[in-house]
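K.L.:
Please find one structure pasted underneath; my questions will follow.
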Amino acid sequence: MAFPRGPLAAVILASFLVTAVARISHYDSLLGMPGEEGRDAFRHFLNRGEKTKDSEPQQEGTRWALLIAGSAGYGNYRHQADVCHAYQLLRRNGVSEQHIVVMMVDDIAHNEDNPHPGTIINRPDGPDVYHGVPKDYTGRHVTVGNFIAALLGNTSAINGGSGKVIASGPNDHVFVYYTDHGGPGILGMPEPPFLMADEVVGALERKHAAKGFKELVFYLEACESGSIFQGLLPPNIHIYATTAANAEESSWGTYCPGMNPPPPIEYETCLGDLYSVAWMEDSDVNDLTHETLRQQYRLVKDRTSNHGTYDAGSHVMLFGEKALGSDPVADFLGDASLAPEADANSGDANNGDGTGMTPWIPFSISVLLGTGKGRKTGLLSAGQRLFAAGEKVGVVGQRDAEVLHLWHKYKNAPEDSPRKQAALSALNQAFSHRRHVDQSVRAMVAAAVGEGRADAMLKGKQAEGKALVDDWVCLREMVRAYEASCGRITQYGMKHMRAFANLCNAAVPVGAVATAAQEVCPAAANAVPLGLLIAAGGRFSV
């Protein structure tokens with residue numbers, strides 16, 4: 001069915017976006033109080049149950065960091081923007097470039113849709129964060145194999161790229177940041193295969209067994225990201241992990257077109273992700289030698305949850321060895337006071353982005369914590385003014401951010417132009433693919449177990465705190481059985497991974513699922529064509 005044109009198209013798309021796009025409330029009165037009283041109240045909020053250290057933290061060994069954006073395409077601009085921002089933050093805090101591994105497709109900065117070629121920003125009125133970022137693994141070299149090899153420090157298993165790995169030892173602190181689409185038990189990659197939860201935790205356990213770190217922090221931005229660690233990550237291997245969402249919900253893009261604060265008018269895509277900009281903007285303003293991991297977790301949890309209401313936000317989750325929360329954030333993200341003077345001609349000059357601009361400091365937070373004193377803040381950006389004024393901040397679910405981008409691309413293109421027709425075609429394909437995946441998965445499940453048990457398979461959950469699935473090999477086989485007849489799922493279809501897991505947990509034979517998939521997707525025409533796979537954000541395979 002062709003996507004309707006004219007006023008009808010606008011009505012349909014507007015209706016969709018009303019349901020897809022939410023706005024989170026501004027910081028509540030606690031975050032709006034000026035003066036010492038406000039600062040004391042906010043510090044009390046951060047320090048609940050906190051045992052502070054009497055002396056300055058002594059960081060042993062070396063800091064290492066692995067940063068990865070697992071998506072591709074301009075509609076996923078925000079993921080690479082997040083990673084570039086994280087790189088600049090680490091460099092500004094003195095972490096050596098030789099100890100930072102960056103993985104991203106690198107198809108955003110010079111994309112034809114980028115209104116400012118060669119630059120990437122991560123917040124409204126923000127500086128360029130792309131300049132100086134190393135191209136360790138780009139394009140087809142951003143893979144599951146290279147991610148795991150880099151994490152483990154296994155140079156012999158690397159395929160392409162710079163060959164740089166996390167060659168850390170038993171006294172070192174390691175930081176891992178992963179931002180992308182996800183689903184129950186799975187994280188995206190630009191090309192198949194995608195990364196499964198058992199692979200992530202298995203690699204972390206191997207790194208620990210090899211004495212590859214003293215302590216490791218993992219920050220994860222993705223939908224259903226809690227499912228990556230839930231029931232899998234041991235509590236006693238010196239790993240502290242937080243996720244943007246629990247095991248059952250979406251994470252959120254922010255700084256999106258039509259929202260508040262919006263990106264510059266020429267940008268037709270989201271600039272960042274809510275959880276990610278929360279921890280990075282907090283790190284931009286605070287003295288990380290005096291802020292603990294637990295304090296940062298609480299602040300990020302509050303901002304990402306819409307201040308505990310969760311009406312347009314997600315549940316930031318904590319896994320692993322929670323006692324590490326008393327460690328200073330600086331042990332992992334660096335200490336700005338120890339950073340060497342940057343070469344004025346390099347990408348690390350001033351704020352690390354080559355622009356000479358000072359880092360952006362959220363006005364409301366800098367006032368509360370007293371960290372703005374003595375620092376250059378310059379004129380308030382649009383984002384700062386909105387935070388300071390208590391305006392709402394808009395967000396959109398990760399899976400709908402691509403559609404939001406396509407809609408604004410279509411809306412802003414000249415009438416009857418090739419650009420407008422291309423955007424309309426991509427929208428049509430995206431909605432058709434979503435309909436195909438949703439309908440075929442449900443029909444397959446019903447054919448395999450009967451209509452009466454279908455809802456339980458589609459929506460059922462494991463016991464609280466338990467891993468998504470008991471048999472990860474079975475889960476892979478279930479997905480392949482579906483894909484063999486119905487086409488690859490892509491990043492949107494990852495949301496149905498729970499249904500495949502529930503089939504495994506219920507001991508439904510893989511053969512029964514394969515037969516059911518053949519029944520509901522009998523025609524080769526149902527397979528997703530390559531052009532639609534690209535528009536939908538990459539192919540799926542486990």
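K.L.:
First select every other residue whose beta carbon is under 10 angstrom from the beta carbon of V174; then total the charges, Lys and Arg +1, Asp and Glu -1. Don't skip to the end; give the middle numbers.
P.N.:
On the way: positive: R63, K207, K214; negative: D172, E215.
Counting the neighbours of V174, the net charge comes to +1.
K.L.:
Restricting attention to the range 437-484, which GluC sites (Glu not before Pro) occupy a DSSP loop and are surrounded by at most 16 other Cβ atoms within 10 Å? Mind dumping the intermediate values first?
P.N.:
Details: sites: E451, E464, E477, E483; in loops: E464.
Hits after loop and neighbour filter: E464.
K.L.:
Could you sort R78, R488 by their accessible area in this structure, using a 1.4 Å probe and putting the largest first?
P.N.:
Result, largest first: R488, R78.
K.L.:
Next up: 7 Å from Cα along Cα→Cβ at both A506 and Y310: what's the point-to-point distance in nm?
P.N.:
Going by the 7 Å Cα→Cβ label model, 2.5 nm.
K.L.:
With a Förster radius of 51 Å, plug the Cβ-Cβ distance of A323 and R419 into 1/(1 + (r/R0)^6) and report the FRET value to the nearest 0.05.
P.N.:
FRET efficiency, A323 to R419: 0.40.
K.L.:
Non-local amide H neighbours of D273 (under 5 Å, H modeled in plane, Pro and chain starts lacking H): which ones?
P.N.:
T254
K.L.:
At a Förster radius of 30 Å, what calculated FRET efficiency corresponds to the Cβ-Cβ distance of N159 and E248, to the nearest 0.05?
P.N.:
Values: r = 35 Å, r/R0 = 1.15.
The computed FRET efficiency comes out at 0.30.
The values are calculated or read from the model by the stated rules, or taken from the named source; none is laboratory data. Quick caveat, the model's predicted, so the values are computed rather than measured. Reconstructed Cβ throughout: ideal geometry from the backbone, glycine too, with neighbour counts over all protein chains shown. These area figures cover heavy atoms from the full protein model, side chains too; ligands, DNA and RNA do not enter into them. Shrake-Rupley method; radii C 1.70, N 1.55, O 1.52, S 1.80 Å.
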